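The values are calculated or read from the model by the stated rules, or taken from the named source; none is laboratory data. Just so we're clear, the structure is a prediction, and the values are computed from it rather than from any experiment. Using ideal geometry, Cβ is built from the backbone for each residue, glycine included, and neighbour counts are taken over all protein chains shown. SASA here: full protein model, heavy atoms, side chains in, ligands and nucleic acids out. Shrake-Rupley method; radii C 1.70, N 1.55, O 1.52, S 1.80 Å.
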Amino acid sequence: MISRTAILVLLFSAIFSYGQKNSETEKKIDKLMSKMTIDEKIGQLNQLSGEGLSQNIVAQVKNGSVGSLLNEVDSKVIYELQKVATTQTRLRIPLIFARDVIHGFKTIFPIPLGQAASWNTSLVEDGARIAAIEASSVGIKWTFAPMIDVSRDPRWGRIAESFGEDSYLISKMGAASVRGYQGKNLADKTAIAACAKHFAGYGATESGKDYNTTWIPEVQLRDTYLPPFKAAVDAQVATFMCSFNDINGVPSSGNKHLNDDILRKEWKFNGVLVSDWASIEQMQTHGVAANLADAAKLAIDAKVDMDMMGFAYTKNLKDLIKNKSVKIKQIDAAVRNVLRLKFNLGLFDNPFAENSESTFYANNALSSAQKAATESVVLLKNNGLLPINKDHKTVAVMGPLANSPADQLGTWVMDGEPNHSITPLDAIHKNFGKNFTIQYEQGLAYSRDTNSVNFSKAIQLAQNSDVIVFFAGEEALLSGEARARADINLPGAQTKLLTELKKTGKPLVLVVMAGRPHTIQKEIEMADAVLYSFHPGTMGGPALANIIFGVENPSGKLPVTFPRLVGQVPIYYAHKMTGRPAKDIQLINEIPVGAPQFSLGFTSYHLDAGDSPLFPFGFGLSYTNFNYSPVKLSATTLTRENSITANCKVSNTGKMDGYEVVQLYVRDKVASLAQPVKRLIGFEKIFLKSGESKELSFDVSANQLSFHDSKNNLIVENGEFDLWISTNSNSGSPQMFILK
Ligand code: BGC
């Protein structure tokens, strides 16, 4: 039995192991700061990009004018620079080395959008833990992840780095990721500080073009964009990063409302807030700062602690203090946050990594990456062709992503090595080559290729095969930062080649490996079965091969809505009802010539796309079938004091064992501000053997039904609510309850 005191001690140390203040550490900070010159203080707020052991960097480290370096990953260089910082500087303050370890350091997991498709928070936590173990072994102690921007626009390349469109799902994934990176205690050797980014609203970028302006009313900011960040604070994330965008005209790096009113005061965050790359300096380009000094003042006034590659602080803070535009206590507050992070990470006691490369690509890391890749694959269509069985002896493997080791890793892979990737072609040969005859013709050299010179070879190969498995998609470099696309069809001549292959009459499996949702309505119609794999990482090949041949059962569910046409964007499940929801839809080609103006009705839809997405949020099929019993509520009246329980029995009625993601949605039917037609408030991923059933119960309490009113207060209003427990955001029948 653990005593009550022991529990309190454990609780206490857990609370104080992250960004929180601990009086002993605060005393150490006081002592250190009492010795620091103004230059040394400003140095702590300066983050530079690594240049190896260049004279410039070594000199700056020596004179204490840099507090952190990013993009230095050579363990020997890190060691040498840390040695300079801790032995040759006046105050021996260690450096903190940072890196974008976004979905793996060496062992690459699926891109975050793919990880979200697994709806499995423990896989996300494991992935971040493994990334931290690998990265910390070279001396990296800070990652710029998780990216928890709500992303509802597939044109935006950074949707790849996100956990998708839904605030609740992102909150769960983001918190899991923070736990994984930071481990049980930030001072542990393998813990690295996580960074909640980009604060905030970056995903609302106009037209999906990166860095673009955003207009976000406060209610929407608080109901949709901020909850994942609050969840990260609750998970004790050590750092935050500003976003590049302006919100309603105010760039985040100078946004007092966001960074001070909300992050510091409301949420009591005392970790480090770092700018994005040169985002302080760029306030001049935004047109809100006349010069670099103005930009520095805006940022420090907005409580931004560290200037990443902007040089605004190093060049201006001293003068700003001299001329009394900035107070020394502002600098002190920022320096305290930086030093606290370094103390909490244990860098003063253990500045060096233990190293070694033997931690890379460990067996457990590879199997965890494969599990994550497997669970991230979404089955979008299956007319029974998948899994491929012995009736299809000769398999034609094709397409530009079938054997593209670098592309399957996806965006933001700075340290992962393509020569460690196992591609689908490798895995199919190795694991299924004995029982099937595997033939290969890529058809197109890369995803954007428009050259049809190899089409005839591909068609011939298809004719001589029993089934075609075509790996389509986009190259890694087409998604990620600054990779916006206005056309999200499959690039190059992929659709053209698929159309030719379809004409052979052979059964066609389409696998799309991509960094975003693509508009693939035509391709879905052509194929007999379709798997969607957001760039799946190092172990993507075996994961996909095992699904294709039935060793694994797909269980991914879309973390983002798939549009039919790009013109439907933004399209997301939690939209508002409008006063005239779509009814009696007549599509453009169904309208009789000369039809009178009024014959089409007056409701909300696109003449050429209707009102529905290609696939809704939460959608994903399985090789087995799941049956949902009607939902039973423990009571139809909910009070603010007591919760009610929603129960449902889910049964695996098919022949294969499998995972199902059970989703809980609600709708506030009448509120003082119009509410979304549905809102995810819970989910559970369960494993059911063929023939097995499980009773699930979700507690629903009043605080899960809250929203912000027009005065920005979080409120819950009495009235009628609908509730669904279902397999995706567009299924199930509602159960009504009343909040009194
Ligand atoms: C990105 C950040 C990233 C930073 C450092 C910026 O361009 O927006 O997400 O962490 O670079 O590499």
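Before moving on, here are some points about what is shown:
- Whole-percent carbon and sulfur share, accessible surface of segment 433-579, 1.4 Å: 48 percent
- What you get for segment 343-449, charging only the Cβ of Lys and Arg (+1) and of Asp and Glu (-1), is a dipole of about 700 debye around the Cα centre.
- Segment 63-222 - percent of accessible surface contributed by carbon and sulfur, probe 1.4 Å: 50 percent
- The order of the peptides 543-549, 413-419, 434-440, 105-111 by mean Cβ neighbours within 10 Å, most packed first, is 105-111, 543-549, 413-419, 434-440.
- Share of carbon and sulfur in the accessible heavy-atom surface of segment 613-722 [1.4 Å probe, %]: 47 percent
- Alpha-carbon centroids, segment 620-690 and segment 453-472: separation in whole Å: 42 Å
- Taking the C-alpha atoms of the chain, convex hull volume expressed per residue in Å³: 187 Å³
- Separation between Cα centres of segment 562-602 and segment 83-133, rounded to whole Å: 45 Å
- Using just its DSSP H runs of length 4 or more, each adding -39500 (n - 2.57), the chain gives a mean residue ellipticity at 222 nm of -8000 deg cm²/dmol after division by all residues.
- Scanning residues 5 or more positions from Ala193 or on other chains, those with amide H under 5 Å from its amide H are Trp142, Thr143, with H placed 1.01 Å from N in the peptide plane.
- For segment 205-288, the fraction of alpha-carbon pairs in successive 10 Å shells from zero, as %: 17, 50, 31, 2
- Accessible surface computed residue by residue for segment 616-672, with neighbouring protein chains in place and a 1.4 Å probe, gives 45 Å² per residue.
- Where segment 391-546 is the region considered: accessible area per residue in Å², 1.4 Å probe: 35 Å²
- When the Cα positions of Pro351, Leu386, Gly310 are compared along the charge dipole of segment 284-415, Gly310 comes out farthest toward the positive end, with charges on each C-beta of Lys, Arg, Asp and Glu.
- When each full DSSP H helix of the chain is screened for a Cα extent of at least 30 Å along its own axis and an average Kyte-Doolittle hydropathy of at least 1.6, none passes.
- The largest accessible area among His392, His420, His103 belongs to the first residue in His420, His392, His103, and the rest follow in falling order (1.4 Å probe, all chains).
- Given a 1.4 Å probe and the protein chains as shown, Trp142 ends up with an accessible area of around 0 Å².
- Part-to-part distance (alpha-carbon centres) for segment 516-544 and segment 232-266, which is given in Å: 36 Å
- Summing Cβ point charges (Lys, Arg +1; Asp, Glu -1) relative to the Cα centre of the chain gives a dipole of roughly 1300 debye.
- Among Met656, Met283, the order of accessible area from largest down is Met656, Met283, computed with a 1.4 Å probe on protein heavy atoms.
- Counted over the chain, the DSSP beta bridges are approximately 50% antiparallel.
- Protection proxy ranking of 466-476, 75-85, by the mean of other Cβ atoms within 10 Å over each peptide's residues and highest first, is 466-476, 75-85.
- Across Lys457/Lys496; Lys632/Lys694; Lys141/Lys342; Lys583/Lys632; Lys35/Lys342; Lys390/Lys503, pairs whose alpha-carbon gap is larger than 19 Å: Lys583/Lys632; Lys390/Lys503
- Too-long pairs where the Cα-Cα distance tops 31 Å, listed order kept, from Lys189/Lys256; Lys522/Lys557; Lys303/Lys371: Lys189/Lys256; Lys303/Lys371
- Average accessible surface area per residue within segment 70-192, 1.4 Å rolling probe, Å²: 23 Å²
- Given a 1.4 Å probe and the protein chains as shown, Arg640 ends up with an accessible area of around 120 Å².
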